[in-house]
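Asks: One structure, as structure tokens, below. Some questions next.
Just so it is clear, none of the values below were taken in a lab; they were calculated from the coordinates. The structure displayed is predicted, hence computed values, not measured ones. Because the Cβ atoms are built from the backbone with ideal geometry, glycine has one as well, and the counts that use them run over all protein chains shown.
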Amino acid sequence: MFGLMQNQPLLISSIIEFAQRHHGDGEVVSRRVEGDIHRSNWAQIALRSKRVAHGLDAWKLQSGDRIATLAWNGYRHLELYFGVSGSGRVLHTINPRLHPDQVAWIINHAQDQVLAFDMTFLPIIQAVHSKCPTVQHWIALCDADKLPADSGIPNLVSYEAWVKPFPETYVWPKFDENTASSMCYTSGTTGNPKAALYSHRSTILHAYAAALPDVMCISARDAILPVVPMFHVNAWGIPYSAAMTGSKLVFPGAAMDGKSIYELIESEGVTFAAGVPTVWQMMLSHMKPHGLKFTKLNRTVIGGSACPPAMITAFKDDYGVDVLHAWGMTELSPLGTLCTLKNKHLSLPEAEQMKIRLKQGRAIFGIDMKIVDDAGNEQPHDGKAYGDLLVKGPWVVADYYHGEGGSPLVQDANGEGWFPTGDVATIDADGYMQITDRSKDVIKSGGEWISSIDIENIAMSHAGVLMAACVGIKHPKWDERPIVVVVKKPDAQFSREELLKYYEGKTAKWQIPDDVVFVESIPLGATGKMLKTKLREQLKDYVLPTL
Ligand code: ADP
């Protein structure tokens with residue numbers, strides 16, 4: 001027997017339609033590439049996204065056609081989010097920090113038909129456009145009078161001139177909620193990038209989940225600054241959750257330095273911000289010497305890489321801001337776990353609470369997770385046993401777009417497919433998951449694993465360390481030994497020996513790194529994560545002092 005409730009497909013157009021009707025005056029503020037502040041609201045975003053939909057219809061683009069963007073976080077990008085997906089096309093966000101050859105590879109793999117880009121990225125478009133035969137229309141996200149006369153891009157139109165002739169009314173099409181809505185390629189740290197192809201259903205379920213109190217707790221009382229880019233995994237789904245709940249959105253545009261981000265947080269009364277640790281590192285480094293404080297910011301979600309304990313403490317003790325540690329992946333839309341305390345933890349001493357906050361957190365309803373050994377046997381949830389982390393759920397990929405080499409899923413005894421995350425983790429009795437390593441970064445010394453994240457976190461808690469990466473170096477007796485590669489804070493004075501001494505008592509003796517290598521910078525990937533593959537290449541001639 002079926003229930004007797006209305007069967008309405010979960011479509012992205014319904015979110016923006018709802019935003020227009022119920023919180024149309026909710027603000028959307030963007031720092032533009034031009035440097036000025038632009039003010040819009042949910043009603044304007046909705047009306048202009050309808051013009052976008054008309055514009056795509058006028059070009060006779062079909063349902064499922066890929067419309068690519070190479071753009072910062074901003075209102076025009078947001079209008080494309082809703083106009084493209086709402087009208088049944090697929091929004092393909094491309095990471096502009098990738099090498100132009102990789103950008104061209106991705107455009108051709110996705111067979112994009114339209115590409116909309118911020119003027120900052122004109123040089124990338126000039127480098128790739130002749131290699132991308134499927135793209136028929138190039139749109140510069142600017143006013144008509146800002147369009148360069150001699151760009152060299154055939155038929156280049158300005159976004160404003162393109163949408164201007166179209167009406168602000170549009171009847172969004174109805175279709176199956178499993179229809180593809182957007183796509184994002186993984187950063188491709190191993191091999192060619194692969195694309196996750198999200199659906200309307202997965203996006204809406206993820207948007208509901210992301211807004212839950214134990215997740216990002218997004219509401220109409222928030223002013224949210226997503227520093228996480230709209231070009232990578234839909235800014236962690238924040239644009240959708242914000243439109244759903246009516247929170248104010250503040251976009252940083254291209255100005256991602258610590259000073260600009262801090263100023264925007266203050267001038268726009270931001271209550272909640274989201275970013276990867278490297279972004280916050282820059283902001284805290286700007287704030288401390290200037291004695292700056294926050295007026296309204298009360299929480300920030302940090303994920304994408306392990307959040308160093310020192311950062312959680314600095315946010316809490318120096319600025320009164322709660323850090324919510326999050327874990328996710330492109331393949332998970334991206335949220336998998338978030339770290340919030342349970343009622344029984346509230347009476348624990350601060351130090352005990354901190355031990356929990358450092359973990360990557362509890363699974364969000366919708367995500368099921370387990371850890372398994374090499375033979376696929378499930379490991380206990382005791383906070384000690386570690387294994388490969390597998391997940392499943394309605395916003396986890398089942399396959400990659402035009403994937404080669406079969407399904408990525410691992411079948412269990414009941415025939416259920418689990419996605420292997422490539423992370424190694426523990427899960428404790430309360431369900432808190434903690435990542436110890438990326439499986440390819442695991443360090444094995446004398447048959448025992450050493451968590452590179454633990455070693456990095458200890459270095460990061462030293463007052464003079466700006467950034468730290470732990471890598472394993474081949475050793476004839478122990479197989480591998482850890483070393484820690486460190487970027488010092490400006491003016492910091494400490495030696496290799498002092499840092500090694502600092503490790504004593506903070507970790508088992510055999511886990512203390514064999515060496516400290518000081519460097520000017522650690523290579524970062526397109527999403528701001530440390531690129532250990534590149535770091536290992538740079539260290540290829542390095543010899544352990546203990547040999
Ligand atoms: P890619 O898969 O190309 O590296 P993603 O942005 O999807 O790009 O990265 C997902 C990976 O990032 C996770 O599998 C995990 O290794 C790492 N990661 C994400 N959040 C955290 C976190 N809070 N702590 C540790 N690692 C994290």
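Asks: Work out from phi, with θ = phi - 60° and the Karplus expression 6.51 cos²θ - 1.76 cosθ + 1.60, the ³J(HN,Hα) of each residue of the range 36-46, listed in order in whole Hz, and give x for Gly and Pro.
Replies: The phi angles translate into 7, 9, 10, 10, 9, 8, 4, 5, 4, 4, 4 Hz.
Asks: Tell me, what are the semi-axes, in whole angstrom and largest first, of the equivalent ellipsoid of the range 17-255 as set by the roots of 5 times the Cα gyration tensor eigenvalues?
Replies: Details: eigenvalues 131, 82, 67 Å².
Semi-axes from the Cα gyration tensor: 26, 20, 18 Å.
Asks: On C-alpha positions alone, give me the angle between the axis of helix 75-86 and the longest principal axis of the chain, in degrees, nearest 10.
Replies: Roughly 70 degrees, rounded to the nearest 10.
Asks: If you count, for each residue, the other Cβ atoms within 10 Å and average over each peptide, how do 473-479, 298-304 line up from highest to lowest? Please report the intermediate quantities before stating the final value.
Replies: Details: 473-479: 13.9, 298-304: 22.7.
Taking the mean over residues of other Cβ atoms within 10 Å, the ranking is 298-304, 473-479.
Asks: Continuing with this model, one more query. Counting only C-alpha contacts under 8 Å and six or more residues apart, can you give the relative contact order of the range 264-310 as a whole percent?
Replies: On the way: 44 pairs, mean separation 25.9, N = 47.
Relative contact order of the range 264-310: 55 percent.
Asks: Could you calculate the contour length gain from A220 to L500, that is, 0.36 nm times the residue separation minus the distance between their Cα atoms, to one decimal place in nm? Kindly include the intermediate steps, with their values, before the conclusion.
Replies: Numbers: separation 280, 0.36 × 280 = 100.80 nm, distance 4.82 nm.
Roughly 96.0 nm would be gained on extension.
Asks: Something else: So, in Å, what gap is there between the alpha-carbon centers of the range 157-214 and the range 385-446?
Replies: So the two Cα centres are separated by 25 Å.
Asks: Okay, moving on. Roughly what would the spin-label model give for K164 and D491, points 7 Å off Cα along C-beta, in nm?
Replies: 5.2 nm
Asks: Continuing with this model, one more query. Given a cut-off of under 8 Å on Cα pairs at least six residues apart, what relative contact order in percent is computed for the chain?
Replies: Values: 1148 pairs, mean separation 55.2, N = 547.
Here the relative contact order equals 10 percent.
Asks: Taking a virtual spin label 7 Å from the Cα of N377 along the C-beta vector, which residues in the range 415-436 bring their backbone nitrogen under 18 Å of it?
Replies: Under cut-off, by backbone N: 425-427.
Asks: Under 16 Å from a point 7 Å along the Cα-to-Cβ line of E266: which residues of the range 282-303 have their amide N that close?
Replies: Under cut-off, by backbone N: 283-298.
Asks: Kindly provide the helix-only [θ] at 222 nm of the chain, computed as the sum of -39,500 (n - 2.57) over DSSP H runs of four or more divided by all residues, to the nearest 500 deg cm²/dmol?
Replies: After summing the helix terms and dividing by the residues of the chain, the value is -8000 deg cm²/dmol.
Asks: With contacts defined as alpha carbon pairs under 8 Å and 6 or more residues apart, what's the relative contact order of the range 17-255 in percent? Don't skip to the end; give the middle numbers.
Replies: On the way: 473 pairs, mean separation 58.1, N = 239.
Reported relative contact order: 24 percent.
Asks: Separate question: Once each part is reduced to its C-alpha centroid, what is the distance from the range 517-535 to the range 7-58 in angstrom?
Replies: Here the two parts' Cα centres lie 37 Å apart.
Asks: Considering only the other residues whose Cβ falls under 15 Å of the Cβ of S14, what net charge follows from Lys and Arg at +1 and Asp and Glu at -1?
Replies: Details: positive: R21, K50, K174, R201; negative: E17, D176, E177.
In short, +1.
Asks: Moving on. Using only Cα atoms, tell me the angle between helix 100-110 and the longest principal axis of the chain; keep it within 0 to 90° and round to the nearest 10.
Replies: 60 degrees
Asks: Given R₀ = 22 Å, FRET efficiency for S285-K534 by Cβ-Cβ distance, to 0.05? Please list the in-between numbers first.
Replies: On the way: r = 23 Å, r/R0 = 1.05.
E between S285 and K534, to the nearest 0.05, is 0.45.
Asks: While we're looking at this one, here's another question. Treat each spin label as a single point 7 Å out from the Cα along the C-beta direction, and report the F175 to L524 distance in nm.
Replies: Result for the modelled spin labels: 3.7 nm.
Asks: Another one. Return the ratio Rg/(2.2 N^0.38 Å) for the range 49-185, where Rg is computed over Cα atoms only. Don't jump to the answer; show the numbers that get you there.
Replies: Values: Rg = 14.0 Å, N = 137, 2.2 N^0.38 = 14.3 Å.
Taking N as the residue count of the range 49-185, the ratio is 0.98.
Asks: With +1 on each Lys and Arg Cβ and -1 on each Asp and Glu Cβ, and nothing else charged, work out how big the dipole of the chain is about its Cα centre, in Debye to the nearest 20. Don't skip to the answer; put the middle values down first.
Replies: Details: 52 positive and 59 negative charges, 105 e Å.
Roughly 500 debye, rounded to the nearest 20.
Asks: Please work out the FRET efficiency for the pair H99 and K259, using the Cβ-Cβ distance as r and a Förster radius of 22 Å; give the result to the nearest 0.05. Provide the component values of the computation, followed by the final result.
Replies: On the way: r = 28 Å, r/R0 = 1.28.
That gives a FRET efficiency of 0.20.
Asks: Turning to a different aspect of this structure: Among G417, S260, G505, whose Cα projects farthest towards the positive end of the dipole of the chain, with charges put on the beta-carbon of Lys, Arg (+1) and Asp, Glu (-1)?
Replies: It is S260.
Asks: Report the gain in length on full extension from S461 to W59: 0.36 nm times residue separation, minus Cα-Cα distance, nm rounded to one decimal. Numbers along the way, then the final one.
Replies: Values: separation 402, 0.36 × 402 = 144.72 nm, distance 5.51 nm.
Stretched out fully, the S461 to W59 stretch lengthens by 139.2 nm.
Asks: Please determine, in degrees from 0 to 90 and to the nearest 10, the orientation of helix 277-290 with respect to the longest principal axis defined by the Cα atoms of the chain, where the helix direction is its Cα long axis.
Replies: The angle comes out at about 80 degrees.
Asks: If we count every other residue with Cβ under 15 angstrom of Q113's Cβ, Lys/Arg +1 and Asp/Glu -1, where does the sum land?
Replies: 0
Asks: Now a separate question. Taking just the alpha-carbon atoms of the range 442-538, what radius of gyration and Dmax come out, in angstrom?
Replies: 13.0, 39
Asks: Where a Cα-Cα gap under 15 Å defines reach, which aspartates and glutamates qualify for K296, not counting those fewer than 8 residues away within the same chain?
Replies: Within the straight-line limit of under 15 Å, K296 reaches these aspartates and glutamates: D222, E263, E266, E268, D318, D322.
Asks: Further question on the same structure: Distance cut-off 24 Å, Cα to Cα: go down the list K259/K359; K293/K344; K440/K474 and report the pairs above it.
Replies: Values: K259/K359 29 Å; K293/K344 31 Å; K440/K474 14 Å.
Violating the 24 Å Cα-Cα cut-off are K259/K359; K293/K344.
Asks: Select from H23, T203, V128 the residue farthest towards the positive end of the dipole of the chain; place +1 on Cβ of Lys and Arg, -1 on Cβ of Asp and Glu, and compute about the Cα centre.
Replies: Result: H23, furthest along the dipole toward the positive end.
Asks: Using 7 Å Cα-to-Cβ label points, what is the K296/N155 separation (nm, one decimal)?
Replies: Label at K296, label at N155, 4.4 nm between them.
Asks: Right, next: What does the net charge come to around D454 if you take all other residues with beta carbon closer than 10 Å to its beta carbon, with K and R at +1 and D and E at -1? Write out the running numbers ahead of the final one.
Replies: Values: positive: K506; negative: D437, E456.
Charge balance in the 10 Å sphere: -1.
Asks: Taking a quarter of the surface of the convex hull around the Cα atoms of the chain, what do you get in nm²? Can you show the working numbers first?
Replies: Details: hull surface 110.1 nm².
Over every viewing direction, the Cα hull of the chain projects on average to 27.5 nm².
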